[in-house]
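Notes to accompany the following structure.
The values are calculated or read from the model by the stated rules, or taken from the named source; none is laboratory data. Quantities reported herein were computed from a predicted structural model and do not represent experimental measurements. When we count neighbours, we look across all protein chains shown, and the Cβ atoms used for this are built from the backbone with ideal geometry, even at glycine. Just so you know, the surface numbers come from the protein's heavy atoms only, side chains and all, with ligands and any DNA or RNA stripped out. Shrake-Rupley method; radii C 1.70, N 1.55, O 1.52, S 1.80 Å.
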Amino acid sequence: HCQAVRAVCQREIDCDRGNGYSWKITLLRNYWKSKVKQEWLSGKYSNIPSQFSLPEKSMYPMDVDTWGEILEAELER
């Protein structure tokens, strides 16, 4: 699970590990974020008609750099 989460949230995982968090805590801190981020990066929400069409679990608190990655992926599509 840790490697799968790191594949999507490498910067976040490396930061948490650098700050001394255990793998267990790092995984708990980033698991749902990685799921939501992967869906955004894959384009799952690229062609929605409105914000009301987004599923309840499509949002998660993410930093500016993460949203920047998502925006870059959208612009490349």
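What are the residues in the stretch 8-34 that are touching a residue at least 12 places away in the same chain (Cβ under 8 Å) and either aliphatic (A, V, I, L, M) or closer than 21 Å to ALA73 by Cα (or both), if any? Across the stretch 8-34, the qualifying residues are VAL8, CYS9, ARG11, GLU12, ILE13, LEU27, ASN30, TYR31, TRP32, LYS33, SER34. Looking across the stretch 22-63 at every residue that is over 17 Å from VAL8 (Cβ atoms) and at pLDDT 90 or above, the one that is most open to solvent (accessible area, probe 1.4 Å) is identified as LYS24.
Evaluate the following for GLU69: is it open to solvent by 100 Å² or more (accessible area, probe 1.4 Å) and either at negative phi or not basic (Lys, Arg) (or both)? So GLU69 fails the test.
The helices (runs of 4 or more DSSP H) located wholly in the stretch 1-73 that include 2 or more residues which are touching a Cys at 6+ places or on another chain (Cβ under 6 Å) occupy 23-42. Taken over the stretch 27-65, the criterion of being of a type in the set (Val, Ile, Thr) and either touching a helix residue (DSSP H, G or I) at 6+ places or on another chain (Cβ under 8 Å) or under 23 Å from ARG17 (Cα atoms) (or both) is satisfied by VAL36, VAL64.
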